[in-house]
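Shown next, in structure tokens, is the structure this report addresses.
The values are calculated or read from the model by the stated rules, or taken from the named source; none is laboratory data. Computed from a prediction, not measured in an experiment: that's the story for all the values here. Note: ideal-geometry Cβ built from the backbone for every residue, glycine included; neighbour counts use all protein chains shown. Note: areas computed on protein heavy atoms with side chains; ligands, DNA, RNA excluded. Shrake-Rupley method; radii C 1.70, N 1.55, O 1.52, S 1.80 Å.
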Amino acid sequence: MQISMKIDEKLLKPYNPKETEEKIYKLWEESGFFNPLNNPDWVNDKKNNPNFGKSFTILMPPTNANGSLHAGHGLVMTIEDIMTRYKRMRGYKTLWLPGLDHAGFETQVVYEKKLEKEGRSRFGMDRDILYKEILDFTLKNSSNINDQVKRLGSSCDWSRLKFSLDNEIVKRVYETFKKLYKDDLVYRGERIVSWCSKHQTSFSDLEIKDVEQIDNLYYLKYGPFVIATSRPETKFGDKYVVMHPKDIRYKNYTHGEKIDLEWINGSISATIIKDENIDMEFGTGVMTITPWHDTADFEIAEKHKLDKEQIIDEYGKLLPIAGEFAGQHIKKARTLIIEKLKNKNLVEKIDKNYKHIVRVCYKCENIIEPQIKKQWFIKMSAPNKSAPDGASLAQNAIKVIEKGEIKFIPEHYKKITLNWLNDIKDWNISRQIVWGIPIPAKICNTCEHGMEDVENNIKKCEKCGGETRQDTDTFDTWFSSGQWPFATLGYPDNSDFKNFYPTDVMETAGEIIFFWVSRMIMLGLYVTGEIPFKTIYLHGLVLDAKGQKMSKSKGNVIDPLILMDKYGTDAFRMGMIVGNTPGTSLALREDKIKAYKHFANKIWNASRFVLEQIKDLDLNKLSDFDEEDKKSDEELKNLIQEITKEMDEYKFYIVAEKLYHYFWHTFADIIIERSKKKILENKNANSVKILLYTHLITLLKILHPFIPFVTEEIWSIINSRRKVGTPTKTSELLMVEKWPFYAQDKTL
RNA sequence: GCGCGGUUAGCUCAGUUGGUAGAGCAACCCGUUUACACCGGGAAGGUCGUAAGUUCAAGUCUUACACCGCGCACCA
């Protein structure tokens, strides 16, 4: 091959992602094109833009402001940036709005650990001081995570960055709370909640983890009955003994009948209750109930209007009702109680191999102690009397989902969501932590009635006239993030809300379909009357190379920043996207990322070859293709047809693979190799040079959403040449070039 | 118990409306005076979890089962 090799300084070196990426990102950011209201001319040209006037909106799932980038973020940012860049190139006014979440409980837990290390504790700390400390901590870390998001090439509009504690967001959240209160959809109720005795807060049902474990099952003599229990420490106050009404073994006992019997701390009077929820098969078919500390028991007690009594305090210690055991922690008390029962000959037998599920705190894995507490709840399935159709929050969501107004990708999440919504329970939105949005409410000191008080002017209880105090609880983080779409866009008056709501795609982890997605649908409909997004795209987990869930304790956490350093962001992005179908988890393997580093390099080298060959090409005097080249030109057009369709169907995993394959094995291996011969023999050389050039230009465009950095860098080199050579076009960023599907202009 | 995924080449995964199985990586052979060894060419590799059914035709549709993963509800 005797092709001359005088090429640009820049192109002489191998592709260096590290040097390029920072510079390119700055270029993008300074261009202002991340803002959907800034566009290059062709976007605002009706004739030139088939998508003139259309908008496209994605909201970034607000990242935990206190955290650091993990592999999951890598996937989120890659997918969303691909969508954003694609739509931008298609001529949509494209908004990708970045956000940060204060992540209430999550952050508080992190901060508590920090306090612990310093020998401090949040308990006993002044609330305001603690809040301020966590705020400082969070704000300091938030710039960190924003920088990391940038490193991934995210083309989001930083001028619109929102933080969940911004005044305007909090104000919106308060308005929603007020509306819910007015519509009688939120109430401060005495209900049984899941309580963590370490974190001293209640949780929603979703923050609880089920763990299987083996315990003793104790068969205790309870008067004429034998009851089975795994938790003898709760049994002090048990004065109701429950059995199934159809159980013939106990047909001689009648509902409401009282019997006297000897129990842990002396003789008591117990009442017989007949209830159909009792499983006749389990144990002896008889149980006593502890309504204060057991969800099922609570329901039975509610149904029959039975007394409820607290046995265990908020720290897991026994109350005075336990007599001699009062003040002991339940963990220690259990064996002592059994000891005593044995001495009283009240233990029938012990099954030491009882396998059952216990519920634990998802954070600390301590056993959840159900407690009856006054908490704020949102009525999820109760009719909304102030709505014309009276539909509940859940029903409204069900309706739009069933009608297909919200499209689920992958589709099976639709069913999962509907199942959940159909069996939804009231949502506990109050948390007993400092870090979060304070609940704007007053509580009566006399009757504990809770009242919404956003305006802060309630002095007396509206029910009993008693003195009131400020509620010290904060909202569940998901209550505010559930309002993210309309809150960030400035409902109701901001022009962004008018221009960009409902948003087009919500892309997030399948894991948080209930936590977040379902609640956004319900609250979005409730507040704005419209769905918050038209499509919900759910990705799976990012796992380690062996397909194991990453966790600090396992030590298999892969840091995306290290991979990006090593192989470049483009390579990392390709590795995240190729073959990764929505909803399925992805095993993150380093050799895969490495393979795409080679790809970026291949693009670089092919480009430098092409640019060298077309140096003397007069772009204003383009001749026609010969037969062979015409075929290749057609082939690329067909590819674009295909992938454009697939892009619209969110099949990025297949598009990325096709582009990889076409660029490498068609463009480089066939077309470039063929061109060498033609140029050397000077046979239709002009035709093939044009083909090389048009192919490269087009391929850079369609590759750009996937690997934005290397493509933009090459583009800038091409542009700088144009300025020197033939002035075909004003220099522009590849980022805002027109997607070639509609670009049939020959000036390419 | 109910529900949802998955089971395809050594590994990680694609496979659109049913028409004689695909990619990347790894392994194997050959080549390499220049865009690129971060390379080129070539060959190899699968009875698509099991069983039955529908069909001219099933990786793809139906049913049952097995195993793996997940979610929901649970029995004290």
Contact list, first residue from segment A:658-681 and under 21 Å from A:LYS615 (Cα atoms), second anywhere and more than 10 Å from RNA strand B (Cβ to nearest atom) and open to solvent by 20 Å² or more (accessible area, probe 1.4 Å), beta-carbon distance below 9 Å, six or more apart or interchain, is A:ARG674/A:GLU628; A:SER675/A:LYS689; A:LYS677/A:LYS683; A:LYS678/A:ASP626; A:LYS678/A:GLU628; A:LYS678/A:ASN684; A:LYS678/A:LYS689; A:ILE679/A:LYS689
Contact list, first residue from segment A:288-308 and free of Cβ contacts under 8 Å to residues at least 12 places away in the same chain, second anywhere and more than 9 Å from RNA strand B (Cβ to nearest atom), beta-carbon distance below 6 Å, six or more apart or interchain, is A:ASP297/A:PRO291
If you go through A:ILE433, A:ILE437, the only one that is within 23 Å of the chain's Cα centre (by Cα), under 18 Å from A:TRP195 (Cβ atoms) and not hydroxyl-bearing (Ser, Thr, Tyr) is A:ILE433
Counting only residues in segment A:504-518 that are open to solvent by less than 10 Å² (accessible area, probe 1.4 Å) and farther than 19 Å from A:THR78 by Cβ, the one nearest to RNA strand B (Cβ to nearest atom) is identified as A:ILE513
Hey, A:TYR362 open to solvent by 50 Å² or more (accessible area, probe 1.4 Å), at pLDDT below 90 and within 14 Å of RNA strand B (Cβ to nearest atom) or not
yes
The residue that is most open to solvent (accessible area, probe 1.4 Å), considering only those in segment A:260-298 that are among the polar types (S, T, N, Q), within 9 Å of RNA strand B (Cβ to nearest atom) and within 17 Å of A:GLN310 (Cα to Cα), is A:THR295
In segment A:164-189, anything in a strand (DSSP E or B) and surrounded by fewer than 17 Cβ atoms within 10 Å (Cβ to Cβ) is listed as A:GLY189
When you scan segment A:242-260, do you find a residue that is at pLDDT 90 or above and under 18 Å from A:ILE321 (Cβ atoms), even just one? no
Selection over segment A:412-457 where residues are crowded, with 20+ Cβ neighbours inside 10 Å, within 16 Å of RNA strand B (Cβ to nearest atom) and aromatic (Phe, Trp, Tyr) yields a count of 1
Exactly one of A:LYS602, A:LYS554, A:LYS546, A:LYS594 is open to solvent by 50 Å² or more (accessible area, probe 1.4 Å) and closer than 19 Å to A:LEU696 by Cβ, and that one is A:LYS602
Within segment A:613-622, restricting to residues that are open to solvent by less than 90 Å² (accessible area, probe 1.4 Å) and in a loop (DSSP other than H, G, I, E, B), the one that is modelled with the highest pLDDT is A:ILE614
Q: Could you check, for segment A:576-585, whether at least one of its residues is at positive phi, within 11 Å of RNA strand B (Cβ to nearest atom) and not in a strand (DSSP E or B)?
A: yes
Taking segment A:230-259 and the residues there that are charged (D, E, K, R) and away from RNA strand B (no atom under 11 Å from the Cβ), the one that is surrounded by the most Cβ atoms within 10 Å (Cβ to Cβ) would be A:LYS239
Scanning segment A:190-229 for residues that are assigned to a strand (DSSP E or B), more than 11 Å from RNA strand B (Cβ to nearest atom) and within 26 Å of A:PHE123 (Cβ to Cβ) gives A:GLU190, A:ARG191, A:VAL193, A:TRP195, A:CYS196, A:THR201, A:SER202, A:PHE203
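Yes/no matrix, rows are residues, columns are (1) buried (at least 21 other Cβ atoms within 10 Å of the Cβ); (2) under 21 Å from A:SER154 (Cα atoms):
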position: A:ASP633; (1), (2): no, no
position: A:ASP648; (1), (2): no, yes
position: A:LEU659; (1), (2): yes, yes
position: A:ALA668; (1), (2): no, no
Would segment A:297-317 turn up any residue that is in a loop (DSSP other than H, G, I, E, B), touching a Gly at 6+ places or on another chain (Cβ under 6 Å) and modelled with pLDDT of 90 or more? yes
Of (1) open to solvent by 70 Å² or more (accessible area, probe 1.4 Å); (2) within 13 Å of RNA strand B (Cβ to nearest atom); (3) closer than 25 Å to A:GLU712 by Cβ, A:ARG589 fails just (3)
Every listed condition ((1) open to solvent by 20 Å² or more (accessible area, probe 1.4 Å); (2) modelled with pLDDT of 90 or more; (3) part of a loop (DSSP other than H, G, I, E, B)) holds for A:GLY91 save (1)
